[in-house]
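> First the structure, which I've put down as structure tokens, then a few questions once you've had a look.
The values are calculated or read from the model by the stated rules, or taken from the named source; none is laboratory data. Being a predicted model, the structure only gives us computed values, none of them experimental. Don't worry about glycine lacking a Cβ; one is built from the backbone with ideal geometry, like all the others, and counts go over all protein chains shown. Surface areas here come from the heavy atoms of the whole protein model, side chains and all, with no ligands, DNA or RNA. Shrake-Rupley method; radii C 1.70, N 1.55, O 1.52, S 1.80 Å.
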Amino acid sequence: MQTIWLGGAEWLAVLRIGLGLWWLESWRHKDRKGWLERGTGIAWAADVAGEHRWAAVRTGFQRIVAPRPKAMAHLVVHAELALGLGLITGFLTPVALIGGLVLNLLYLVLMIHDWAEQGQNAMMALISLVALFAMSWQVWSLDHAIGLFG
């Protein structure tokens with residue numbers, strides 16, 4: 001596929017890089033001091049999960065996240081940074097795309113009642129799927145430069 005400026009592989013790279021910038025912006029605007037030092041992010045998520053309409057979400061949060069709030073805060077904050085950098089540079093791209101898809105699906109399930117938040121997570125998940133199955137690391141990526149993932 002060829003368009004006026006770029007071919008199909010290049011447009012997929014643009015999509016991948018745009019998704020990486022989206023993750024990087026998510027990390028950039030996050031109150032990291034609040035998340036990592038005061039626990040505000042996990043406390044907010046605990047409130048949302050505690051009132052969730054699905055018992056599995058409440059139970060899962062209590063069993064997995066609540067016992068280790070600091071570790072989970074670090075996981076979320078640093079995952080968003082790693083996803084952004086990985087997708088922008090095209091390093092370990094399939095891993096970053098799958099990780100981002102999982103994180104977006106978790107956010108989607110947690111925020112099932114908030115339609116404004118759903119649009120962002122659904123769009124990011126869709127872009128992750130397209131970029132993954134179309135192998136968006138074929139151009140403009142470190143993966144391609146060093147011969148990873150064929």
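> Condition test on LEU105, is it in contact with a Leu (Cβ under 8 Å, 6 or more places away or on another chain), in a helix (DSSP H, G or I) and either at negative phi or modelled with pLDDT under 95 (or both)?
So LEU105 fails the test.
> OK, next. Quick one: SER141 ticks every box in (1) within 17 Å of GLY8 (Cα to Cα); (2) of a type in the set (Ser, Thr, Tyr); (3) within 11 Å of the chain's Cα centre (by Cα) except a single one, so which number is it?
Of the numbered conditions (1) within 17 Å of GLY8 (Cα to Cα); (2) of a type in the set (Ser, Thr, Tyr); (3) within 11 Å of the chain's Cα centre (by Cα), the odd one out for SER141 is (3).
> Give all pairs with beta carbons closer than 9 Å in which a residue from region 49-60 that is without any contact (Cβ under 8 Å) to a residue 40 or more places away in the chain meets a residue that is polar (S, T, N, Q) and open to solvent by 80 Å² or more (accessible area, probe 1.4 Å); count only pairs at least 6 apart in sequence or on separate chains.
Final answer for the pair search is GLY50/GLN62.
> Taking ALA55, is it under 17 Å from the mean Cα position of the chain (by Cα), open to solvent by less than 80 Å² (accessible area, probe 1.4 Å) and aliphatic (A, V, I, L, M)?
no
> Identify, from the list LEU101, LEU142, LEU132, the residue that is of a type outside the set (Gly, Ala, Ser) and open to solvent by 50 Å² or more (accessible area, probe 1.4 Å).
Answer to the selection: LEU142.
> Then there's this: Report the residue count in region 1-52 for those that are surrounded by fewer than 13 Cβ atoms within 10 Å (Cβ to Cβ) and closer than 28 Å to LEU142 by Cβ.
Number satisfying all stated conditions: 9.
> Test THR93 against the criterion of being open to solvent by 10 Å² or more (accessible area, probe 1.4 Å), in contact with a helix residue (DSSP H, G or I) (Cβ under 6 Å, 6 or more places away or on another chain), of a type outside the set (Lys, Arg) and more than 30 Å from TRP44 (Cβ to Cβ), and give yes or no.
Numbers: open to solvent by 10 Å² or more (accessible area, probe 1.4 Å): no; in contact with a helix residue (DSSP H, G or I) (Cβ under 6 Å, 6 or more places away or on another chain): yes; of a type outside the set (Lys, Arg): yes; more than 30 Å from TRP44 (Cβ to Cβ): yes.
Criteria not met by THR93.
> Condition check: more than 25 Å from HIS29 (Cα to Cα) and out of contact with any Lys or Arg (no Cβ under 7 Å at 6 or more places or on another chain). Does GLY100 satisfy that?
No: the conditions fail for GLY100.
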